[in-house]
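Nothing in this text is a laboratory measurement; each read-out follows from the coordinates by a stated rule. These numbers were taken from a predicted model, which means no experiment stands behind them. Because the Cβ atoms are built from the backbone with ideal geometry, glycine has one as well, and the counts that use them run over all protein chains shown.
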C-alpha cells in the first residue's frame, strides 16, 4: 500500500521516515541549551546524516528559539535534498502563526501541533473537557493548513488516553487536514505490546487512517523507547521520532542511532528501512552533539559508546580473531568507527587541519575562528606526543563559540603549599577585556572566585567533574561544570592540558549557556 504525502510524494510500506527532534525535545534536557551557532552546526550535521524531518525548535518559546528555527529554515531548508523543516506549536492560534512564520523560508516545511488527550492531563493541566480538546484539535490543524500542506498532529500522553477518545481525536485531526498523526508515549509508560495494540487499533478503527502517516515518539523512562519504536514500526507506523544519543527530557528519547542500526541489522524481523540515512556518519554526529552539549555518552552505550565494539573477555577475543561475526552483529566501520584516529601532528598544515574539521562535522568555519583553532592545535601538538580526533574536537569547540558574551583570555596562577592560592584572570565580557585577582581554598576555587568578581551572578555550582580526553599523562583534561540558577540548570565543558585552565573554560562555557537559558521562557500549558 502507498500513501501520497505533500512533502515526500508517494510512500510505500518499505519506507521509514526519520523525524529528528534533537534540536527541540533534545535541547529541552536540563543543561543542554544551545546557542544559534551551535544549533546551525548541529543542523548541518543532521542534514549530512540524511534525516527526513528536522524539528528545529519551539518558535513561540522565546525570541532565540524563533530565530534559530527561522535561520535553520533559511539555511538548511533550501538545500537540495535537505530535510523538511518543522516547528512545534500548541493548538493556540498565536503558537501556530509563530511556527508558520518561522518555517516559512524552507522549501519543504511542516507545523507540528499537539494537545494532551489523557483524562489526567486534560483535568489537571489543561482544565479542558473532551469536547474542548476535540474542537482545539480540529481548529489547530485547520489554522496550520493555512501555512503548509504538511501538518502533523500529536496526542500528548497518547498511550494513557482512553482508546475511544483517542480515536475520536485522530479522526478530527485527519478530517481537518493533518497528514501525519503522532501518538507519543510522553512519559515512557508503555510496553512494546501496548504500542502494537494502540497503533493497530487506531489504524483499523479511524476513518481516513489509510491516507496519513502514523508516527511514534517514545520516551525512555523505563528504558524501552527503542523497543517501543520497533514495535510501532511492526504495527504499521512509518515515521519514527528520535534524537541523537537519545537525549531529551528526563530519561531521554528513543536514540536515532539505535533505531537505524536495529532496522539495518534485522531486516528479517522489521522489513522497513530509512531511505536516506548515511549510517557511516552516525559516530561523527554523536560526537559533535557531545562536544556541543558537554555531555558524553556512557562507555557501554549501544552503537556510539567507546566500548560498543571493544572485546576484553578471552573467549570473545578468540572468537573475534577467528571470525568477527562471532561477537559483532555489525561492523564498527558501518557507523563511523575506524581502527585508528591518530592522524594529526605538529607538522600538519592549515589545509589538513581544515579538512580534519570538516570530517569531524564542523563544516565551514570563519577565517578568524580557523586561525584561533589552528593556533591552539599547534600549541597542543607541541605539548602532546600524539593528537587524536577527540583532542581536536575538545579544543576546537572552545574557539568556535563566536556568539559567547564571555570569553576566556588568560590566567596567571600561584598555587602550592606555602601560601594561599591566588588567581589573576582576564575575561572578555561583551567585547571588553577585564581583569580580577582572587584567592581561594584551592587553585580552582580561586579561579571561580575571580570569575564571580568579573561577572557577578547568583548561580550555584552543583557539579565539578574532571576527566581525560584521551590516554596518557599528556592528555587534555576535560572538565564539566554544572550551574543552577533558580531551577535553570546548565552544563559547561572545557578542555586543556592544564586542568585549571580547562576548569575556567568550563565555567565560562556554563555561564554563556546560562545567558542563553535566561532568554528562554517555556510556554505554559494551553488552558481554556
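With contributions of -39500 (n - 2.57) from each DSSP H run of at least four residues, the per-residue ellipticity at 222 nm computed over the chain stands at -11500 deg cm²/dmol.
The alpha-carbon atoms of the stretch 56-116 define a convex hull whose volume equals 60 cubic angstrom per residue. Against the empirical curve 2.2 N^0.38 Å, the C-alpha radius of gyration of the chain lands at a ratio of 1.02.
Treating r as the C-beta distance of residue 412 and residue 265 and R0 as 56 Å, the FRET efficiency rounds to 0.55.
A simple spin-label model places pseudo-atoms 7 Å from Cα toward Cβ; at residue 460 and residue 488 they are separated by 1.7 nm. Full extension of the segment from residue 222 to residue 347, taken as 0.36 nm per residue of separation minus the current Cα-Cα distance, would add 40.0 nm. Highest mean packing comes first when the peptides 467-476, 257-266 are listed by Cβ atoms within 10 Å, giving 257-266, 467-476. Could you calculate the FRET efficiency of residue 519 with residue 435 from 1/(1 + (r/R0)^6), where r is the beta carbon distance between them and R0 is 22 Å, rounded to 0.05? That gives a FRET efficiency of 0.20. Listed by Cβ neighbour count within 10 Å, with the fewest neighbours leading, 153, 337 appear as 337, 153.
Using 0.36 nm per residue and subtracting the Cα-Cα separation, the extra length available between residue 498 and residue 354 on full extension is 49.4 nm.
Using a 7 Å offset from the Cα along the Cα-to-Cβ direction at both residue 426 and residue 405, what is the distance between the two label points in nm, to one decimal? Going by the 7 Å Cα→Cβ label model, 2.3 nm. Given a Förster radius of 35 Å and the C-beta distance between residue 205 and residue 250 as r, what FRET efficiency does 1/(1 + (r/R0)^6) yield to the nearest 0.05? Computed FRET efficiency for residue 205 and residue 250: 0.65. Placing pseudo-labels 7 Å out from each Cα toward the beta carbon at residue 120 and residue 74 gives an inter-label distance of 4.3 nm.
Identify the residues of the stretch 80-96 with backbone N under 18 Å of a label point that sits 7 angstrom from the Cα of residue 107 along the Cα-to-Cβ direction, or state none. Only 80-86 pass the distance filter. Sorting 219, 457 by the number of Cβ atoms found within 10 Å of their own Cβ, with the fewest placed first, yields 457, 219. How big is the stretch 15-293 by the Kirkwood estimate over distinct Cα pairs, in Å? About 18.3 Å for the stretch 15-293. Across the alpha-carbon set of the stretch 406-519, the Rg to Rh ratio works out to 0.97, Rh being the Kirkwood radius.
Here, P(r) means the percent of Cα pairs in each 10 Å bin from 0 to the largest distance; for the stretch 1-40 it is 24, 31, 22, 22, 2.
Of 5, 276, 112, the sequence from fewest to most neighbouring Cβ atoms within 10 angstrom is 276, 5, 112.
Descending by average beta-carbon neighbour count within 10 Å, the peptides 168-181, 92-105, 480-493 line up as 168-181, 92-105, 480-493, the highest first. For the stretch 1-72 versus the stretch 91-123, the spacing of their alpha-carbon centroids is 14 Å.
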